[in-house]
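Novice: My questions will all concern the structure given below.
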Amino acid sequence: MASRIIPVDPFDLVIFGGTGDLARRKILPGLYRRFLDEQITEDSRIIGAARSTMDDAAYREVVRASIRDHIPAAKQAADAVDRFVNIVGYVALDARGTDGWDALAKLMRKSVVRAFYLSVAPTLFAEIATRLHRHRITDKHSRIVIEKPFGRDRASARKLNAEMATHFKEDQIYRIDHYLGKETVQNLMAVRFANILFEPLWNAQYVDHVQITVAETVGVEGRGSYYDTSGAMRDMVQNHLMQLLCLIAMEPPYKFDPDAVRDEKLKVIRALDPVAPDDIVRGQYLGTGQADSYLDHTGRTESLTESFVALKASLSSWRWKGTPFYLRTGKRLRARASEIAVTFKEPPHSIFEQEEGWRANVLVIRLQPDEGINLKVMIKEPGPGGMRLTEVPLDMSFAEALGEEGTDIPDAYERLIMDVIRGNQTLFMRGDEVEAAWAWTDPIIGEWEARGESPKPYDAGSSGPEDALMLMHRDGRRWREIR
Ligand code: BG6
C-alpha cells in the first residue's frame, strides 16, 4: 500500500547547525530513514557544518548517536548505519567570519543538486546566504532551506525576504513549516480534492463551524527564554494553525502545482477578517504538584507571554462568509491531540419525532496521534423499540486501514527534505504567504502589547483557561474535548 519509492538525484546537502538539536532529533534521523528505504543513494553526501572543531570521524559519531537515540532498534542494522555514515562528512566554519568557507567550497561537487539547510538562529540566515554567495558555493540551481521563525512581524519578515532575495530566487528558497510535511495534513488535500463527496457541502451553507485544535502536553521547558519572546501566537498560530486553516478553506487549485496551491492559500489569508479583541483568549499555564509553571520555565517572576491562544476567525469570501473558524493551541494541556473538526449544519427539517440526541454530522481529521478520519453520522438504533436515532462514527484510522504502512508514517522532515532535493516547493511557504500571515497577526499582537494585559492562568493538564470555553459557549457551541 505504501507509495513506491523513487530514488532522488544525487545531492550534496550541507546542514548548517549540523550538531544542533534539530539536526540530531529530526534532520539526521530523517535522512537515515530515507537512506534505509533507498530513496537516498550512496552517491549523495551530507555535510554537517558548525562552529565546533571536529573531523569527519567525530561527526560520524554524532550521527550514529542521533540514529541510536531517535530510530527504533529494529531499524539500526549495523551495516546500514555504517553505509549511511560513510556518506556523511563535516566542515568546521564560522558563520560570521571567514574560517571554513573555502574548505566548504572545495567539498562541493559539480553536477549534483546542492542544498543548504540553515538549521541555525534566524539572525544568521542572511549572513550565511551572503557567504555562500561570496565564496561561490551556490549556483542558480542551489536550494536554501530555512526554518521558522520567518521574522516576528510583517516588517521583519519583509526584511528577511529581501535579504534572501539578494542571493536567491524565490524558487530556490524553501521555507519549512513542518506541519505541511505531516502525512495527515497532506491528506487534507487528498480528502478534499480527490473525492466528490465533501466538496458540494464545503461552504457556509452547509458548514456550521470549523474547529482547529493543536494541543500539546509539553511545556516550554528548555526553550523558555526563546519562547518568552515569541508566545503561542507567533510560535504556532501565525504558521502551523494558519496553514491548516488555509488547507481547509482554500478553493481547489487548478493543479497540484507549487504556485497554484500557494496562490489559493494566499487568497485565504488575505480574506481573513481582523480579529476583535473579544474573540481571542490568551492563557499561561500554572504549575500543579510536580509540574513547573510557565514562569518557572522562563526563570521570570512575571511575563505577559501566552502559552495558549483560542480565537474565533472569520473569512470574507463567498464560500465562507458566516462560518466561524475556531482555533486553539496551547502547551501543557490535557493531552497531545491535534485535529480539525468540520461541523455541518443540522438537516433543515426533521421527519422524526425524536427531539433529544440529535447531532450534526462532524468530519474529524485527526492529525496526531492516531492519524485518521472520522465522520459522525446518525443511524437508527438497532432493535424493535421504534425509530430511535443515534450517532455513530464512521472511523478510519490510517493505521488500521493501511496496515503496517499506516503505522510507519514518515516524519514530516523526511518528506520535506526529499521535496527540497526534488525541487518541489508545494509544501513550503512562499514569501508573500508569510508576509500576509503576519499582516493578519500583527494587529492582534499589537493590541495585546498596547493593553498590557496578563494572559489568563490555566492549570497544567487542563483544557486551557475558562474564558476559552466561553468563546464558543456564547455562540451556542462547544469545543470538542481534548483527549
Ligand atoms: C514548533 C514549535 O514549530 O512546533 C513548538 O516551535 C511546537 O513550540 C512544535 O512544540 C509542535 O510540533 P509537533 O510536530 O510536535 O506538533
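So that you can scan it fast, the table gives a plain yes or no per residue for (1) within 16 Å of the ligand (Cβ to nearest atom); (2) open to solvent by 50 Å² or more (accessible area, probe 1.4 Å); (3) part of a strand (DSSP E or B):
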site: Ala115; (1), (2), (3): no, no, yes
site: Lys140; (1), (2), (3): no, yes, no
site: Arg152; (1), (2), (3): yes, yes, no
site: Ala155; (1), (2), (3): no, yes, no
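Novice: Report, by residue number, each residue of segment 329-346 that is closer than 18 Å to Ile482 by Cα, open to solvent by 10 Å² or more (accessible area, probe 1.4 Å) and away from the ligand (no atom under 16 Å from the Cβ).
Specialist: Result: Thr343, single match.
Novice: From Gln186, Gln243, which residue is out of contact with any strand residue (DSSP E or B) (no Cβ under 9 Å at 6 or more places or on another chain) and closer than 30 Å to Asp21 by Cβ? Working first, answer last.
Specialist: Numbers: Gln243 fails: out of contact with any strand residue (DSSP E or B) (no Cβ under 9 Å at 6 or more places or on another chain).
The unique qualifying residue is Gln186.
Novice: Right, another one. Among the residues of segment 376-398, are any more than 16 Å from the ligand (Cβ to nearest atom), free of Cβ contacts under 8 Å to residues at least 12 places away in the same chain and within 30 Å of Leu160 (Cβ to Cβ)? So that I can check it myself, show each step before the final result.
Specialist: Let us first name the residues in segment 376-398 that are more than 16 Å from the ligand (Cβ to nearest atom), namely 376-398.
Remaining after also requiring free of Cβ contacts under 8 Å to residues at least 12 places away in the same chain: 380-386.
Then keep just the ones that are within 30 Å of Leu160 (Cβ to Cβ); that gives none.
Checked against the condition, which is being more than 16 Å from the ligand (Cβ to nearest atom), free of Cβ contacts under 8 Å to residues at least 12 places away in the same chain and within 30 Å of Leu160 (Cβ to Cβ), segment 376-398 yields no hits at all.
Novice: Do the conditions hold for Ser230, that is, is it in contact (Cβ under 8 Å) with a residue 24 or more places away in the chain, open to solvent by 10 Å² or more (accessible area, probe 1.4 Å), out of contact with any strand residue (DSSP E or B) (no Cβ under 9 Å at 6 or more places or on another chain) and within 11 Å of the ligand (Cβ to nearest atom)? So that I can check it myself, show each step before the final result.
Specialist: Working: in contact (Cβ under 8 Å) with a residue 24 or more places away in the chain: yes; open to solvent by 10 Å² or more (accessible area, probe 1.4 Å): yes; out of contact with any strand residue (DSSP E or B) (no Cβ under 9 Å at 6 or more places or on another chain): yes; within 11 Å of the ligand (Cβ to nearest atom): yes.
Answer is yes for this residue.
Novice: Checking Lys159 against (1) surrounded by fewer than 17 Cβ atoms within 10 Å (Cβ to Cβ); (2) in contact (Cβ under 8 Å) with a residue 40 or more places away in the chain; (3) of a type in the set (Lys, Arg): exactly one of these is not met. Which one?
Specialist: Every condition holds for Lys159 apart from (2).
Yes/no matrix, rows are residues, columns are (1) open to solvent by 20 Å² or more (accessible area, probe 1.4 Å); (2) within 16 Å of the ligand (Cβ to nearest atom); (3) of a type in the set (Gly, Ala, Ser):
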| residue | (1), (2), (3) |
| --- | --- |
| Leu118 | no, yes, no |
| Leu124 | yes, no, no |
| Ile173 | no, no, no |
| Lys182 | yes, yes, no |
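Novice: Of the residues in segment 444-456, how many are of a type outside the set (Gly, Ala, Ser) and exposed (fewer than 14 other Cβ atoms within 10 Å of the Cβ)?
Specialist: So in segment 444-456, the residues of a type outside the set (Gly, Ala, Ser) come out as 444-445, 447-449, 451, 453, 455-456.
After this cut, where a residue has to be exposed (fewer than 14 other Cβ atoms within 10 Å of the Cβ) as well, the list is 449, 451, 453.
Selection size over segment 444-456: 3.
Novice: One residue is enough: does segment 320-328 have a residue meeting the conditions open to solvent by less than 50 Å² (accessible area, probe 1.4 Å), touching a Gly at 6+ places or on another chain (Cβ under 8 Å) and on the phi < 0 side of the Ramachandran plot? Steps first, answer last, please.
Specialist: First pass over segment 320-328, keeping only residues open to solvent by less than 50 Å² (accessible area, probe 1.4 Å): 320, 323-328.
Then keep just the ones that are touching a Gly at 6+ places or on another chain (Cβ under 8 Å); that gives 328.
When the remaining residues are screened for being on the phi < 0 side of the Ramachandran plot, the result is 328.
Scanning segment 320-328 turns up at least one residue that is open to solvent by less than 50 Å² (accessible area, probe 1.4 Å), touching a Gly at 6+ places or on another chain (Cβ under 8 Å) and on the phi < 0 side of the Ramachandran plot.
Novice: Taking segment 117-138 as the region of interest, how many residues are without any contact (Cβ under 8 Å) to a residue 60 or more places away in the chain and part of a helix (DSSP H, G or I)?
Specialist: Total satisfying the criteria: 11.
Novice: Open to solvent by less than 60 Å² (accessible area, probe 1.4 Å), away from the ligand (no atom under 14 Å from the Cβ) and among the β-branched types (Val, Ile, Thr): does that describe Val220?
Specialist: Values: open to solvent by less than 60 Å² (accessible area, probe 1.4 Å): yes; away from the ligand (no atom under 14 Å from the Cβ): no; among the β-branched types (Val, Ile, Thr): yes.
No, not satisfied.
The values are calculated or read from the model by the stated rules, or taken from the named source; none is laboratory data. Note that this is a predicted model, so its numbers are computed, not measured. Cβ atoms come from the backbone with ideal geometry, glycine included; neighbour counts cover every protein chain shown. Areas reflect the complete protein model, heavy atoms only, side chains present, ligands, DNA and RNA absent. Shrake-Rupley method; radii C 1.70, N 1.55, O 1.52, S 1.80 Å.
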